[in-house]
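The values are calculated or read from the model by the stated rules, or taken from the named source; none is laboratory data. Fair warning: this is a prediction, and the values are worked out from it, not measured in the lab. Using ideal geometry, Cβ is built from the backbone for each residue, glycine included, and neighbour counts are taken over all protein chains shown.
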Amino acid sequence: MAMVAPSATHAYFGTPGQDLLREPGVAARPAVVQRAAVPAHALLDVDGVSLEYATGRHVVRATHRVSLSVHEGERYVLLGPSGCGKSTLLKAAAGFIAPREGRIALDGQVVRGPGPDRIVVFQEFDQLPPWKTVLDNVLFPLRVSGRLPRDEAHERAVSVLRRVGLGDFLHAFPHQLSGGMKQRVAIARALAMQPRVLLMDEPFASLDALTRRRMQEELLALWEETRFTLLFVTHSIEEALVIGSRVGVLTPRPGRLRAELDTHAFGLDSAGSPAFQQATQRIHGLLFDEPTA
């Protein structure tokens, strides 16, 4: 197993008392989170990616030369303030946006467009065709892709919906579901396709606090069961620490990777611990303190 080496261009949290947090122009400081051993081969590789989009008469640079790697079975969280390009970066990984410079590769193959190996779950509740039942919403992409015979597709769809707690709502329509239930259908639809990477763009941001907590619990329980690879976008420090096994912290626009943290030791029961609070405060500083030139 190879270790992830700290980049010369951004900070890294390592093992307390051994590894150090480094930022350009800043003296080394004790770190607070352990470094993980990860495979040398990346499943999803983002290499020097700059992304731009047009707004009226202007071209806006969303990200600037971001490099990161997501390994198989990992939960990698992109964390940053609004407008830092984290959602744009996720859409580029999905193949919806082409990089202005750099490249994104999946299993060594350059991403040139969308594909069933990368499925996106957005934060909008109304991402489900309203005329299809819960079961049909999950079945539809399986049937269109032709990846499974009809009976096997039906069996997989029902199985995944039961795992997300919707076994009693197979024949309900989206308008009959709560926001949290709609998100569960969207997650089930994505997992049923068994993508190489599940991409989630602030999927719980619009939920109330209790529903959001329950959805986080369900997502982590599903990950424990199937160990899918996850790239997750959020602007919540606490959610990043809970969901991620690693967290990439982006600067304000244009987004640059300022720090990368190993957060596998944290979970839903960690929020009150001193280590969790210390990590939260350190990330807050990385997000809102100006880096020293």
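When the residues of the stretch 119-138 are filtered to those that are modelled with pLDDT of 95 or more and buried (at least 21 other Cβ atoms within 10 Å of the Cβ), which remaining residue is farthest from K91 (Cα to Cα)? Don't jump to the end; show me each part of the working.
Initially, the stretch 119-138 is screened for residues modelled with pLDDT of 95 or more, giving 131-138.
Right, trim to buried (at least 21 other Cβ atoms within 10 Å of the Cβ) and you get 134, 137-138.
On the way: V134: 25, N137: 22, V138: 21 Å.
Among residues in the stretch 119-138 that are modelled with pLDDT of 95 or more and buried (at least 21 other Cβ atoms within 10 Å of the Cβ), the one farthest from K91 (Cα to Cα) is V134.
Would you check if there is a residue in the stretch 192-206 being modelled with pLDDT under 95, under 12 Å from V164 (Cβ atoms), touching a Phe, Trp or Tyr at 6+ places or on another chain (Cβ under 9 Å) and among the aliphatic types (A, V, I, L, M)?
So far as the stretch 192-206 goes, no, none of its residues is modelled with pLDDT under 95, under 12 Å from V164 (Cβ atoms), touching a Phe, Trp or Tyr at 6+ places or on another chain (Cβ under 9 Å) and among the aliphatic types (A, V, I, L, M).
Sort through R253, R258, R282, R214 and tell me the only one that's of a type in the set (K, R), touching a Pro at 6+ places or on another chain (Cβ under 8 Å) and modelled with pLDDT under 95. Give the steps one after another, and end with the answer.
On the way: R253 fails: touching a Pro at 6+ places or on another chain (Cβ under 8 Å); R282 fails: touching a Pro at 6+ places or on another chain (Cβ under 8 Å); R214 fails: touching a Pro at 6+ places or on another chain (Cβ under 8 Å).
The conditions single out R258.
Return the total of residues in the stretch 167-216 being under 20 Å from the mean Cα position of the chain (by Cα), in a loop (DSSP other than H, G, I, E, B) and either β-branched (V, I, T) or within 15 Å of V138 (Cα to Cα) (or both).
3
Here is a yes/no grid of residues against (1) outside the structural domain of H264 (by TED's automatic domain parsing); (2) surrounded by fewer than 16 Cβ atoms within 10 Å (Cβ to Cβ); (3) farther than 15 Å from R253 by Cα:
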residue	(1), (2), (3)
A42	no, no, yes
D45	no, no, yes
S50	no, no, no
T55	no, yes, no
H58	no, yes, no
G73	no, yes, yes
P81	no, yes, no
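Test E152 against the stated conditions and say whether it is more than 16 Å from Q123 (Cα to Cα), part of a helix (DSSP H, G or I) and in contact (Cβ under 8 Å) with a residue 12 or more places away in the chain. Quick ask: steps written out before the conclusion?
Working: more than 16 Å from Q123 (Cα to Cα): yes; part of a helix (DSSP H, G or I): yes; in contact (Cβ under 8 Å) with a residue 12 or more places away in the chain: no.
No; evaluated as a whole, the condition is false for this residue.
For G272, only one of the following conditions fails: (1) part of a helix (DSSP H, G or I); (2) loosely packed, with under 14 Cβ neighbours inside 10 Å. What is its number?
G272 satisfies all of (1) part of a helix (DSSP H, G or I); (2) loosely packed, with under 14 Cβ neighbours inside 10 Å except (1).
I'm trying to understand the selection: among the residues of the stretch 122-141, which are among the acidic types (D, E) and more than 16 Å from E155 (Cβ to Cβ)?
Initially, the stretch 122-141 is screened for residues among the acidic types (D, E), giving 124, 126, 136.
Within the stretch 122-141, E124, D126 qualify.
Considering every residue within the stretch 69-88, establish whether at least one is part of a helix (DSSP H, G or I), touching a Gly at 6+ places or on another chain (Cβ under 9 Å) and not β-branched (V, I, T). Write out each step before concluding.
Let us first name the residues in the stretch 69-88 that are part of a helix (DSSP H, G or I), namely 86-88.
Retained after the next criterion (residues that are touching a Gly at 6+ places or on another chain (Cβ under 9 Å)): 86, 88.
Now narrow it down to the ones that are not β-branched (V, I, T): 86.
Yes, the stretch 69-88 has at least one match.
Suppose we filter the stretch 217-257 for residues that are within 10 Å of the chain's Cα centre (by Cα), polar (S, T, N, Q) and farther than 18 Å from T280 by Cα; how many remain?
1
Being of a type in the set (K, R) and in contact with a strand residue (DSSP E or B) (Cβ under 9 Å, 6 or more places away or on another chain) is the filter; apply it to the stretch 172-222 and report the residue that is farthest from A93 (Cα to Cα). Spell out how you get there, then give the answer.
In the first step, residues of the stretch 172-222 are kept if they are of a type in the set (K, R); the result is 182, 184, 189, 196, 212-214.
If we keep only those that are in contact with a strand residue (DSSP E or B) (Cβ under 9 Å, 6 or more places away or on another chain) too, we end up with 189, 196.
Details: R189: 19, R196: 12 Å.
The qualifying residue farthest from A93 (Cα to Cα) is R189.
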